[in-house]
1. To the nearest 20 debye, what charge dipole does segment 111-247 have about its Cα centre, counting +1 at the Cβ of each Lys and Arg and -1 at the Cβ of each Asp and Glu?
2. Report Rg (one decimal) and Dmax (nearest whole number) for segment 145-252, counting Cα atoms only, units Å.
3. Packing-wise, with mean Cβ within 10 Å as the measure, how do 221-230, 134-143, 120-129 rank, highest first?
4. Which residues in segment 40-58 place their backbone N less than 16 Å from a point set 7 Å from the Cα of GLN239 along the Cα-to-Cβ direction?
5. At R0 = 30 Å, how high is the FRET efficiency between ARG203 and GLU26 if r is their beta carbon distance? Nearest 0.05 is fine.
6. Any idea what the alpha-carbon Rg over 2.2 N^0.38 Å comes to for segment 12-250?
7. Which order do the peptides 163-173, 65-75, 12-22 come out in when sorted by mean C-beta neighbours inside 10 angstrom, highest first?
8. Any idea what the relative contact order of segment 12-250 is, in percent, if you count C-alpha pairs under 8 Å spaced at least 6 apart?
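Read the figures in this text as sums done on the coordinates, not as results from a lab. Owing to the predicted nature of the structure, the values given are computational and were not obtained by experimental measurement. With ideal geometry, Cβ positions are generated from the backbone for all residues, glycine too; neighbour counts draw on all protein chains shown.
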Amino acid sequence: MSLSSAGNATRTIAVALHGIEPATFERCAVIRDWLDDHGIHRVTLLVIPTRDLHPVGERAPEMVEWLSERRRAGDSIAQHGFQHVCSRRTGTRHEMLALAQGHRALGEFVGLDSLETRAAVNAGWRVLKLAGIEPDGFVAPAYAYTAALRQTLGERFRWWASLLRVHRVGVPVASAAREPLLPAWSLVAGGPFSRALSPPLVRLGSMLPTTNLRLDLHPADLLHVRRMLALEWVLQRAQGRSPVTYAQLAGV
């Protein structure tokens, strides 16, 4: 039974660090040390296998070594898409408008057929496996899942995370939907309106009387004082919660 199941009274906090790749590695390492300073000794690390089609093992061996050290220390590693961006040239009018506005991460797998989806997921998995950092779970960029993607995940991973829940592979989505909601609170990087609202929303989410608290962090958070102050407030309030990984939430 997962930690998020009813009947388990342990109060937990599950922090996921998104967008780990060579270009963001230094910021991610700083954030990870900062989390350790706040008693968050277990984190789920979301690694992009081939940003700009450069395998992480060849481009950043020091990052691979760091990830291996973090896994030995108790962190969980998840595959975060393939390139993390959408490279399609065709799609619906809405999708093309989103791409034109620069939202390239809003659906890396949206519009791909089953074969294309499987090829992208498996290629990313092989890149991480060859680098010595085989992931145990999967998180789609922007939490954008398709039926083909969900079907493919069962071939390689033990768990996957959506915006509202952490799923154990093999458990039907319909059954998981009966579990309590477990939303991921994040300091979104949208327009001015969302940037203004996200810090108070994250604070509000951390105050809800829930057993499990999910918190999403991104490398860009380190560059914004208001975001870091909001995260500092949440982590101070979360003292006493046990830090867990997504794998632990999924019960694997």
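1. Charge dipole of segment 111-247: 260 debye, to the nearest 20.
2. 15.5, 41
3. Highest mean packing first, the order is 134-143, 120-129, 221-230.
4. Label zone hits: 40-41.
5. The pair ARG203/GLU26 has a calculated efficiency of 0.60.
6. Expressed relative to 2.2 N^0.38 Å, the Cα Rg reads 0.97.
7. 12-22, 163-173, 65-75
8. Dividing the mean separation by the residue count of segment 12-250 yields 28 percent.
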